[in-house]
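Encoded as structure tokens, the structure appears first; notes follow it.
The values are calculated or read from the model by the stated rules, or taken from the named source; none is laboratory data. These numbers come from a predicted model, not from an experiment. Neighbour counts run over all protein chains shown; Cβ positions are idealised from the backbone, glycine included. Please note that ligands, DNA and RNA were not included when accessible areas were found on the heavy atoms of the full protein model with its side chains. Shrake-Rupley method; radii C 1.70, N 1.55, O 1.52, S 1.80 Å.
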Amino acid sequence: MTDLLLYGHPDSGHACKVALALTLAELPHRTAFVDIWADPATRPSEFLAASPFAEVPLLMIDGVAHVQSGAILLEIAQRFACLGGETPAGLRRGRELLMWEANRIGMCLPQLKEARRVNGAGFPPGAIDWLTMRFTADAARFAVLLDGAPFFHGAVPGIGDCAIWGYTQWLDAAGVAPTAAMQGWLDRMRALPAMKTPQAFFPAPA
Ligand SMILES: N[C@@H](CCC(=O)N[C@@H](CS)C(=O)NCC(=O)O)C(=O)O
């Protein structure tokens with residue numbers, strides 16, 4: 001059986017994307033908590049040796065390091081033929097959704113969430129307005145991308161749903177509101193039996 005070890009933190013939407021994918025696909029795995037708020041030099045040495053930017057997520061697959069959440073999701077889908085990776089069309093859909101997420105909603109939402117956390121400190125004038133404008137445009141795309149289906153991959157969720165979930169799970173913390181299509185999808189995602197809170201995905205060490 002493939003050995004899977006995921007390094008992450010409950011405040012990392014990028015790490016949550018991968019944790020959700022592994023759980024949805026029912027792939028047995030272990031997780032390791034990395035304190036992303038601590039000095040990077042204090043992180044576990046085996047983690048620092050494998051993650052070039054000392055960032056989570058880091059997924060070790062049989063001891064081989066995999067970084068960048070979108071690349072990890074594609075690796076999971078292809079290697080285990082799951083979450084869209086079962087067919088060429090599903091994989092193509094996954095690639096398209098991952099690129100959209102990384103360029104669009106996965107760019108503005110983490111920044112808006114961070115801006116609220118630090119009370120705007122360090123954000124130049126106009127930045128938050130610009131990010132909010134981007135979010136509004138991205139939110140309006142949900143109805144187009146879902147096209148009446150329950151999930152972005154159709155009847156069941158795939159890697160694209162996992163990627164988009166990463167930061168849309170925290171709209172309140174980012175200070176933005178969902179569209180109706182977005183709210184419906186968020187409700188369906190929250191109702192998935194595999195869904196967990198970020199803290200349940202990455203429990204803090206005792
Ligand atoms: N583009 C990366 C982003 C990863 C990232 O920004 N990770 C953050 C947490 S969300 C992190 O590890 N920050 C800790 C640090 O930079 O020291 C991905 O998609 O995986």
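Would you be able to say whether some residue in the range 25-42 is without any contact (Cβ under 8 Å) to a residue 24 or more places away in the chain, open to solvent by less than 50 Å² (accessible area, probe 1.4 Å), closer than 22 Å to ALA163 by Cβ and not polar (S, T, N, Q)? The answer is no; no qualifying residue exists.
When the residues of the range 79-101 are filtered to those that are loosely packed, with under 15 Cβ neighbours inside 10 Å and on the phi < 0 side of the Ramachandran plot, the one that is nearest to the chain's Cα centre (by Cα) is MET99.
Just checking, does the range 135-148 include any residue being in contact with a His (Cβ under 8 Å, 6 or more places away or on another chain), buried (at least 18 other Cβ atoms within 10 Å of the Cβ), modelled with pLDDT of 95 or more and on the phi < 0 side of the Ramachandran plot? No: the range 135-148 contains no residue that is in contact with a His (Cβ under 8 Å, 6 or more places away or on another chain), buried (at least 18 other Cβ atoms within 10 Å of the Cβ), modelled with pLDDT of 95 or more and on the phi < 0 side of the Ramachandran plot. Of all the residues in the range 1-24, those that are assigned to a loop (DSSP other than H, G, I, E, B) and open to solvent by less than 20 Å² (accessible area, probe 1.4 Å) number 3. Close Cβ contacts (under 9 Å, 6 or more residues apart or on different chains) running from residues in the range 91-118 that are among the aromatic types (Phe, Trp, Tyr) to residues that are more than 12 Å from the ligand (Cβ to nearest atom) and open to solvent by 60 Å² or more (accessible area, probe 1.4 Å) comprise TRP100/ARG141. Give the residues of the range 54-93 that are outside any helix (DSSP H, G or I), out of contact with any strand residue (DSSP E or B) (no Cβ under 7 Å at 6 or more places or on another chain) and more than 13 Å from the ligand (Cβ to nearest atom), sorted by residue number. Within the range 54-93, ASP62, GLY63, VAL64, ALA81, CYS82, LEU83, GLY84, GLY85, GLU86, THR87 meet the criteria.
Consider the range 32-53 and keep the residues that are part of a loop (DSSP other than H, G, I, E, B) and closer than 22 Å to GLN199 by Cβ. The one that is farthest from the ligand (Cβ to nearest atom) is PRO44. Restricting to the range 172-200, what's the tally of residues that are open to solvent by less than 30 Å² (accessible area, probe 1.4 Å), within 22 Å of TRP37 (Cβ to Cβ) and touching a Pro at 6+ places or on another chain (Cβ under 7 Å)? Here the count works out to 1.
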